[in-house]
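Note sheet for the following structure.
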Amino acid sequence: MGNYDVVVIGAGNGGLTAAASLAQKGIKVLLVEKHNIPGGCATSFYRGRFEFEVALHQLSGLGTPEKPGPLRGILGNLGVVDELEWVEMENLYRVVIPNKLDITLPADKEKLIEVLEGEFPEEKVGINKYIDLLYGFFEQVIQAFILKDPEVSKEKYPLYFDYAYKSTEKVLDECFTNPLIKLALSPYWSYMGVPTRHLAFVDYAALMYSYLEWKPFHIKGGSQALSNALVKKILDNGGEVRFNCAAEEIVVEKGEVRAVRTSWGDYLPTNYVVSNVSSIMTYTELIEAELVPEKQFDILKGSTIGVSAVTMFIGLDCTADKLGIRENTNFFYTTENPDEQDSTIRIVNAEKDPFILSCYNVSDPEASPAGTTQVAIVTLVYAQPWLEVPAHEYQATKFACAEQLLARIESHYPGFREHIEEIEVATPITHMRYLGSPGGAFYGFDQYPKDSNMFIPPKSPIKGLYTAGAWAGAGGFQPSLTSGISAARAIIRNMKKQGVK
């Protein structure tokens, strides 16, 4: 069997874009995936007549052909944009606290300001200050770091230096006094897994700016359609993909990658590996410990595994409109108190957990069979409390949490329960099993500022080893898809330096 220029381990978002980009450049690449389908979190599954979307709620950074976002450029260069059907969402989200707040925010800067001023007239000055700050700040980020200004200074980019690593909570406190408007502007923290008191404003501003400027999107056929399209591009460009094939070892000699061993019994010589699995698995299971520099273990010791979730995938035998579900994305809270939001994700109980209800049928009636609706319910929680549930109590505990969530959903959408045709309940234990990631974590490590690529570059201390995906940087679809492109570009640059054509 011939050598491969690059072996990519894991067919999640980052692994797929890395392999697709490398194959497009004529590089001999092999992608190995232990599951029988591509995608990682970007997959779907069937129950009865429903195909359920696993993870994608709102894709950021895509934009329209008239106003393309960065992700459209990336996927366009790979040749998949025109092969997929994109569904634009009109609004960002609806956020609800019973008897206190019920507001829907549009995915448009001027309309957003208008809605906020109508709901919170006493906060008009703060609203304009916040939006101006968000836009002014992130446009400095784009100019300085995305467009790579060689002369970055505090004098030239004062907003960046003043606000980049302030917490999102502090910025909201600086602009507003009413806790309800702070809550109305902060539910996207759940797309990053870290509550606003710990979430760097640079990360939250990036997300809000992306959705406001380039709109939220979904994909007809779900995220599985994107994963399948990327696999097709890999194959069309001469790359290889093996499913049901796990990497068992990255062979390292004298600090350099030499080969990959697989569960098929293959020894695959290569000088480059892109690991799309967790950095914990990469450095503690795939590489012999004595071959990993101690500084890499120090980095791992300084990070904490991020959140997973209790998730319900529900197929309804009626239309969304019949139950009063009129928004794609709905965030439900029991309180505006951020302390309670922080604590609920660390216990096994769903009575007060913030949760998101996603309904793709609102913008895409074809998201499920005619006359039906598919709904995803997600409430974030860490795996640790679930790992402490005795095995003989696991099923009862899982369904008790599901019942708590269903009771709360029923209070918002009367009659919901009687229309359930299919339901599947997943916990962090479930996500650990299917994703193969520590803690069933969606976003890799907790996204604290100290763990960002600004302070911990994703470059591996082992020559020839590159990383991609949420564990290599920020979590979520846009960042993880982008990370694979970054890994591929770094390999291509290195090959050119080595004189490899």
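Observations on the model:
- Residue match in the stretch 190-199 (condition: assigned to a loop (DSSP other than H, G, I, E, B) and at pLDDT 95 or above): no
- Residue match in the stretch 133-140 (condition: surrounded by 15 or more Cβ atoms within 10 Å (Cβ to Cβ) and closer than 18 Å to Leu180 by Cβ): no
- Filter result (open to solvent by 20 Å² or more (accessible area, probe 1.4 Å) and either polar (S, T, N, Q) or over 25 Å from Ala11 (Cβ atoms) (or both)) within the stretch 210-236: Glu213, Trp214, Lys215, Asn228
- Selection status of Met312, among the aliphatic types (A, V, I, L, M) and assigned to a helix (DSSP H, G or I): no
- Screening the stretch 353-379 for residues that are of a type in the set (D, E, K, R) and either in a helix (DSSP H, G or I) or in contact with a helix residue (DSSP H, G or I) (Cβ under 6 Å, 6 or more places away or on another chain) (or both) and picking the one that is surrounded by the fewest Cβ atoms within 10 Å (Cβ to Cβ) gives Glu366.
- Exclusive hit being out of contact with any His (no Cβ under 9 Å at 6 or more places or on another chain), under 19 Å from Asn13 (Cα atoms) and among the basic types (Lys, Arg), set Lys459, Lys497: Lys459
- Filtered residues of the stretch 319-344 (kept if free of Cβ contacts under 8 Å to residues at least 60 places away in the same chain and closer than 25 Å to Gly440 by Cα): Asp339, Glu340, Ser343, Thr344
- Looking across the stretch 465-493, the residues that are open to solvent by less than 10 Å² (accessible area, probe 1.4 Å), outside any helix (DSSP H, G or I) and under 24 Å from Glu253 (Cα atoms) come down to Leu465, Ala468.
- Among the residues of the stretch 413-428, the ones that are surrounded by fewer than 19 Cβ atoms within 10 Å (Cβ to Cβ), assigned to a helix (DSSP H, G or I) and of a type outside the set (D, E, K, R) come to 1 in all.
- If you go through the stretch 413-437 and keep only what is of a type in the set (D, E, K, R) and within 30 Å of Tyr283 (Cα to Cα), you end up with just Arg433.
- Lone unmet requirement of (1) open to solvent by 10 Å² or more (accessible area, probe 1.4 Å); (2) out of contact with any Ser or Thr (no Cβ under 9 Å at 6 or more places or on another chain) for Tyr382: (2)
- Test: residue in the stretch 308-318 that is open to solvent by 30 Å² or more (accessible area, probe 1.4 Å), closer than 24 Å to Glu85 by Cα and in contact (Cβ under 8 Å) with a residue 24 or more places away in the chain: no
- Residue within the stretch 261-270 that is among the basic types (Lys, Arg) and assigned to a loop (DSSP other than H, G, I, E, B) present: no
- Inspection of the stretch 327-342 finds a residue satisfying the criterion of being assigned to a helix (DSSP H, G or I), among the charged types (D, E, K, R), at pLDDT below 95 and surrounded by 14 or more Cβ atoms within 10 Å (Cβ to Cβ).
- Verdict on Val202 being of a type in the set (Val, Ile, Thr), assigned to a loop (DSSP other than H, G, I, E, B) and open to solvent by less than 30 Å² (accessible area, probe 1.4 Å): no
- Within the set Gly76, Gly126, the sole residue that is farther than 30 Å from Glu174 by Cα, touching an Asp or Glu at 6+ places or on another chain (Cβ under 9 Å), of a type outside the set (S, T, N, Q) and part of a helix (DSSP H, G or I) turns out to be Gly76.
- Within the stretch 237-266, restricting attention to residues that are of a type in the set (Gly, Ala, Ser) and over 17 Å from Ala19 (Cβ atoms), the residue that is least open to solvent (accessible area, probe 1.4 Å) is Ala259.
- A single member of Lys67, Lys124 is farther than 19 Å from Ala184 by Cα, loosely packed, with under 14 Cβ neighbours inside 10 Å and out of contact with any Pro (no Cβ under 8 Å at 6 or more places or on another chain), and it is Lys67.
The values are calculated or read from the model by the stated rules, or taken from the named source; none is laboratory data. Bear in mind that the values here come from a model prediction, so they are computed numbers and not experimental data. Positions of Cβ are backbone-derived with ideal geometry, glycine not excepted, and every protein chain shown enters the neighbour counts. Each accessible area value is taken on the protein alone, full model and side chains, heavy atoms only, with ligands, DNA and RNA left out. Shrake-Rupley method; radii C 1.70, N 1.55, O 1.52, S 1.80 Å.
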